[in-house]
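The values are calculated or read from the model by the stated rules, or taken from the named source; none is laboratory data. Keep in mind that this is a model prediction, so the values were computed, not measured. Backbone-built Cβ (ideal geometry, glycine too); neighbour counts: all protein chains shown. In case anyone asks, the SASA skips ligands and DNA or RNA and just uses the protein heavy atoms, side chains included. Shrake-Rupley method; radii C 1.70, N 1.55, O 1.52, S 1.80 Å.
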Amino acid sequence: MTDHPSKHAVVSDRPITFGIIAGEASGDILGAGLIRSLRARYPRARFVGIGGDDMIAEGFHSLVPMERLSVMGLVEVLGRIRELFQIRARVLDYFFSTPPDVVIGIDSPDFTLTIERRCREAGIPTVHYVSPSVWAWRQKRIFKIAKSVNLMLTLFPFEARFYEEHQVPVAFVGHPLADRIPMVPETGKARQELGLDDQAPLLAVLPGSRAGEVERLGTLFLEAARWIQEKRPDLQLVIPCVNRDREKQVRELVDALDVKLPVTIVRGKSREVMAASDVVLLASGTATLEAMLLKKPMVVGYRLSDFSYALLSRLVKVPHVALPNLLAREALVPELLQDDATAEALGSAVLERLENQQERQRLVDAFTTLHQTLKQGADEKAAQAISDLLERRQG
């Protein structure tokens with residue numbers, strides 16, 4: 001067996017069973033890629049557990065519909081907690097009665113880690129794919145994780161370092177988005193597809209995907225855009241909205257401003273909008289990773305309630321909130337949080353990145369280096385790490 005098998009390198013023709021639990025759409029995508037790479041190594045493999053349409057299309061057998069796990073928010077969880085416990089019990093009963101060779105939980109740690117711990121206690125090896133933010137806050141969760149998994153697969157190198165420091169077996173596999181997003185963004189093509197001016201400077205504004213985020217940040221970001229447009233009247237402003245409800249909410253915020261802004265509102269297509277942009281003004285979150293991979297200068301702004309901010313300030317153990325800064329271990333992009341997030345401060349930071357070509361090129365170079373770090377062939381590396389775990393135990 002080679003260290004880095006090609007897609008067609010068969011490790012074993014044993015009839016291996018992989019138990020996999022994915023609880024949301026992002027996990028379903030990861031799971032589907034993982035199944036493809038594992039099947040190349042184990043052609044007679046069987047895949048069973050909980051997964052969505054992408055995993056099912058790869059031949060996965062889902063014991064219950066994945067949508068039953070896709071619960072957002074405390075109230076929704078409390079309303080469905082009995083069902084969630086029943087699903088967990090059903091999965092465990094199945095795994096105990098017909099033990100898989102390995103159990104892999106993909107993200108959704110509140111649900112999957114308990115299953116992993118119970119399976120590990122029963123002698124079934126376990127893997128968790130996508131680290132919880134244990135390195136950032138509630139760090140004592142590392143002890144629960146250590147009892148739950150034989151192997152942690154991380155998307156980011158700084159996560160792997162944290163697990164190594166705590167003697168938890170870990171493999172950094174890279175980020176699937178880094179594999180999918182081209183190294184050089186196709187800005188002109190994105191503008192053409194969105195019907196946007198190819199010459200005028202373009203600011204993408206992403207105030208978040210949830211109603212509460214848009215309520216807290218939407219008007220602030222629009223006021224920052226208005227501040228910029230007073231200095232740069234040629235600026236195009238484009239706002240992608242995740243669904244019809246967010247689109248309605250954003251339109252109401254735009255209409256409520258005294259000065260009407262020339263705004264293009266797009267439903268979905270946030271990646272295409274960022275690809276088309278010159279600068280991105282956005283909330284903290286996964287979108288900062290996408291903007292980085294698209295090599296876009298960005299300004300991060302975020303506000304919480306005073307109580308939430310005071311609480312999190314005490315709990316969070318990292319110096320930055322934006323992923324590009326965490327990855328680079330330095331402040332590559334400005335983070336304007338809470339009282340620092342004013343329309344003028346955000347606008348000034350965006351304008352600087354719009355007009356300072358030297359700074360723009362420095363960021364493109366830094367983001368390209370970070371992209372190369374994350375572009376590891378995540379599906380293949382994850383499958384290899386799981387295969388190594390299995391083969392060690394078989395041997």
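Couplings for region 206-222, taken from phi via the Karplus curve 6.51 cos²θ - 1.76 cosθ + 1.60 with θ = phi - 60°, read 10, x, x, 9, 9, 4, x, 5, 5, 5, 6, 10, x, 5, 4, 5, 5 Hz in order; Gly and Pro are left as x. Backbone amide hydrogens, once placed in the peptide plane, bring Phe47 within less than 5 Å of Phe18, His61, excluding anything fewer than 5 places away on its chain. Cross-link reach is defined here as a Cα-Cα straight distance under 25 Å, omitting same-chain residues fewer than 8 places apart; for Lys296 the lysines meeting it are Lys189, Lys231, Lys269, Lys375. Measuring r between the beta carbons of Gln394 and Lys147 and using R0 = 22 Å, the FRET efficiency lands at 0.40.
For region 339-395, with all protein chains in place and a probe radius of 1.4 Å, 41% of the accessible heavy-atom surface sits on carbon or sulfur. Ordering 190-202, 23-35 by mean Cβ neighbour count within 10 Å, with the highest value first, yields 23-35, 190-202. Taking each DSSP H run with n ≥ 4 as -39500 (n - 2.57) and averaging over every residue of the chain yields -15500 deg cm²/dmol at 222 nm. Given H placed on each backbone N at 1.01 Å, which residues far from Tyr42 in sequence or on other chains put an amide H within less than 5 Å of it? Result for Tyr42 returns Val11.
For Lys189 and Arg90, calculate 0.36 nm times their separation in residues minus their Cα-Cα distance, and state this gained length in nm to one decimal.
Numbers: separation 99, 0.36 × 99 = 35.64 nm, distance 4.82 nm.
Gain on extension, Lys189 to Arg90, equals 30.8 nm.
Listed by chain and number, the aspartates and glutamates whose C-alpha is less than 14 Å from the C-alpha of Lys144, apart from same-chain residues fewer than 8 away, are Asp110, Glu116, Glu121.
Note on Arg68 and Asp365: with the Förster distance fixed at 41 Å, the Cβ-Cβ geometry gives a FRET efficiency of about 0.35. Per residue, the solvent-accessible area of the chain (1.4 Å probe, heavy atoms of protein chains only, all protein chains present) comes to 47 Å².
Computed 3J(HN,Hα) for region 329-341, one whole-Hz value per residue from the Karplus formula 6.51 cos²θ - 1.76 cosθ + 1.60 where θ = phi - 60°, is 6, 7, 7, 5, 10, x, 10, 10, 10, 6, 5, 6, 8, glycine and proline marked x. Compute a Gaussian network model of the chain, connecting alpha carbons closer than 10 Å, and tell me which residue from Ile106, Ile145, Ile265 fluctuates the most. Of Ile106, Ile145, Ile265, the most mobile in the Gaussian network model is Ile265. Would you work out if region 170-311 is rounded, prolate or oblate? Take a ≥ b ≥ c from the square roots of the eigenvalues of the alpha-carbon gyration tensor; rounded if a/c is under 1.5, else prolate when a/b is larger than b/c, oblate otherwise. Note, shape of region 170-311 comes out oblate.
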